[in-house]
Amino acid sequence: ISAEEALKLGFINYVVPPEKLDEKVNEVVSKIFEKSPAILRLGRRAYYTARELEFSKSLEFLSSMLSINSMAEDLVEGVMAFFQKRKPEWKGR
């Protein structure tokens, strides 16, 4: 299928001309780097571990990761920053 069709179907998030690719990559990476390092680490670990497990074990594991995430200091900071309409100050915990 074409890139435009893949975008329309939701398979991809962006379609950019080749000469704008570096600019778009930098934009996306900058947004990722604004996120909590602790939550990103947890998400990465959850993804790579869950994909190796059978489905039911994967669900159990992801549920435990969600519980761990809900206790993270950075989660509280992120929620507070959102409601206070400010940038979060991540602690990496």
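Using the Karplus relation 6.51 cos²θ - 1.76 cosθ + 1.60 with θ = phi - 60°, the per-residue 3J(HN,Hα) values for the stretch 19-25 come to 6, 9, 4, 4, 4, 5, 4 Hz, with x marking Gly and Pro. Residues considered: VAL79, VAL28, VAL15. Largest GNM mean-square fluctuation over the chain, using C-alpha springs under 10 Å, is found at VAL15. Placing one equal scatterer on every Cα of the stretch 36-93 and applying the Debye formula, the log10 ratio I(q)/I(0) at q = 0.20, 0.27 Å⁻¹ is -0.72, -1.00.
May I ask you to sort LYS85, LYS24 by Cβ crowding, counting other Cβ atoms within 10 Å and putting the fewest first? Spell out each step's value before the answer.
Details: LYS85 6, LYS24 14.
If I rank by nearby Cβ atoms, fewest first, I get LYS85, LYS24.
Under 5 Å from the amide H of VAL16 lies no amide H of any residue 5 or more positions distant or on a separate chain, with H modelled from the backbone and absent for Pro and chain starts. Using a Gaussian network model of the chain in which every pair of alpha carbons under 10 angstrom is joined by a spring, one finds that among GLU73, GLU34, GLU23 the greatest mean-square fluctuation is at GLU23. For the stretch 29-93, the number of Lys pairs separated by eight or more positions or lying on different chains, with C-alpha atoms closer than 30 Å, is 7.
The phi torsions of the stretch 4-10, fed into the Karplus equation with coefficients 6.51, -1.76 and 1.60 and a -60° offset, translate into couplings of 5, 5, 4, 5, 4, 7, x Hz, rounded to whole numbers, with Gly and Pro shown as x.
Every number here is computed from the coordinates shown, using simple stated rules; none is lab data. Just so you know, these numbers come straight off a predicted model, no measurement behind them. Every residue, glycine as well, gets a Cβ built from its backbone with ideal geometry; the counts of neighbours run over all protein chains shown.
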